[in-house]
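Only one structure is covered here, and it is reproduced in the block below.
The values are calculated or read from the model by the stated rules, or taken from the named source; none is laboratory data. Treat the numbers as computed from the prediction; the structure is a model and nothing was measured. Cβ coordinates were reconstructed from backbone atoms using ideal geometry, including for glycine residues, and neighbour counts include every protein chain displayed.
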Amino acid sequence: MELTVESLISELGLELVSGHEAAHAHVRWVHSTELPDPTPWLKGGELLLSTGIQLNGPRAQRDFIDRLADHEIAGLGFGTGLAHRKLPAALVAAARNRCFPLFEVPYELPFIAITERAFAELLGERYEMLQRNMVGDLLAEALSGHLYPEDLQARLRPFGIGEQAAVLAFEPPDASAAAGVLERVLAEEDVPGLVAIRGKLLCAVVAGERGEPRELARRVRDELRARFGEVPAAASRAAATHSLRMTFHEARCALEAVRLRNGDAPDVAGYEHLGAFQLLLSLQDDDALSSYCRSVLGPIEEGEGGYGGELLRSLDVFIEHNGHWERAANALYCHRHTLRYRVKRIEQLTGRDLSSARDRIEFWLALRGRELVR
């Protein structure tokens, strides 16, 4: 569970007087301060606690709030009963003007009680992150294809995953921040599973016997959208657990396939949206697929050494932008003449012609197939 100003004061039985919209931001740390300007020693994201002993006038109180808001501080817990009998009116007005989270800490509640509660939550977050990274290692190991089926099932059993599994895949702007939302929805729906981050993807391997995967992905997507805006989502079909590698790629490829549809995308992508990816996923022989990819892309990698990777990236972007020089060059942050040189070099190395639809299709299949056998 992610620590926020909102979650913390709810646990403590306190109430916000301003900044409700911003109170769901993540709290990175908690500090007590009596400095009129503590920002030189802060990074942003901290929750501050202060009695305002040096804020003895309206202007000082307004300036204090402005400094904290400008520095992206998460919020301010203002202690009353010492220097100030109640929250100063100027402080409240400034906080409301900046939509800055502010709450009163009564004299009976010591700051140490707040910091202890916050640190316990942050420690729990670190533990969950560590656990999630270990889960990510398990997913990476499963996708490598090096685990025997019985070993894979044994490793997944502690997560409540039995004979069948499905994969949900999401592409939020911040996978780490979104992971807590995904875990919460799985818990609320009572669906066993594990959550992992792979590259930019937020994934969940869930027990395949527990309902329709796309319906579950749709509920997760609704929660993520409320927090992060539009989030692309996909779900695989439930399949035998020992096929987890292909199940993962089904969800990942469905997500990529709908991304290429220029806005005409379903709320949750699935198998029927795979398009040409179905052909690649139907190939069960990794050696044969690897051999095909090497035959098409090998001359680029082998002929240019370290520069081969840049040529492959340029080729991928050029094809995804339908051969549009200007848009592809902008996506690659290079001049179109540089891109033209790279495409010409690719054609020289491979003996293929990128103005040919057949050659473009073969390049695209090889690039996508390469991802499946990595």
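Is it the case, given these coordinates, that residue 64 is touching a strand residue (DSSP E or B) at 6+ places or on another chain (Cβ under 6 Å), surrounded by 15 or more Cβ atoms within 10 Å (Cβ to Cβ) and not aliphatic (A, V, I, L, M)? So residue 64 does not fit the description; no.
Among the residues examined, residue 284 qualifies as out of contact with any strand residue (DSSP E or B) (no Cβ under 9 Å at 6 or more places or on another chain) and either modelled with pLDDT of 90 or more or not in a helix (DSSP H, G or I) (or both). Taken as a whole, the range 251-260 holds at least one residue that is part of a helix (DSSP H, G or I), among the hydrophobic types (A, V, I, L, M, F, W, C) and at pLDDT 90 or above.
Looking across the range 74-100 at every residue that is within 15 Å of residue 34 (Cα to Cα) and either among the basic types (Lys, Arg) or touching an Asp or Glu at 6+ places or on another chain (Cβ under 7 Å) (or both), the one that is surrounded by the fewest Cβ atoms within 10 Å (Cβ to Cβ) is identified as 80.
Selection of first residues in the range 359-371 that are surrounded by fewer than 18 Cβ atoms within 10 Å (Cβ to Cβ) and of second residues that are at pLDDT below 85, restricted to Cβ pairs under 8 Å at least 6 apart or on distinct chains, gives the following pairs, ordered by first then second residue: 364/276. Scanning the range 144-181 for residues that are farther than 14 Å from residue 209 by Cα, surrounded by 12 or more Cβ atoms within 10 Å (Cβ to Cβ) and small (Gly, Ala, Ser) yields 145, 169, 175, 176, 177, 178, 179, 180. With respect to the conditions (1) closer than 25 Å to residue 182 by Cβ; (2) buried (at least 19 other Cβ atoms within 10 Å of the Cβ); (3) of a type in the set (D, E, K, R), residue 21 lacks only one, and its number is (2). The strands (runs of 3 or more DSSP E) falling completely within the range 1-51 that include 3 or more residues that are out of contact with any Ser or Thr (no Cβ under 6 Å at 6 or more places or on another chain) and over 13 Å from residue 71 (Cβ atoms) map to 16-18. Could you tell me whether residue 210 is among the basic types (Lys, Arg), in a loop (DSSP other than H, G, I, E, B) and either farther than 30 Å from residue 322 by Cα or not assigned by TED's automatic domain parsing to the domain that holds residue 20 (or both)? In short, yes.
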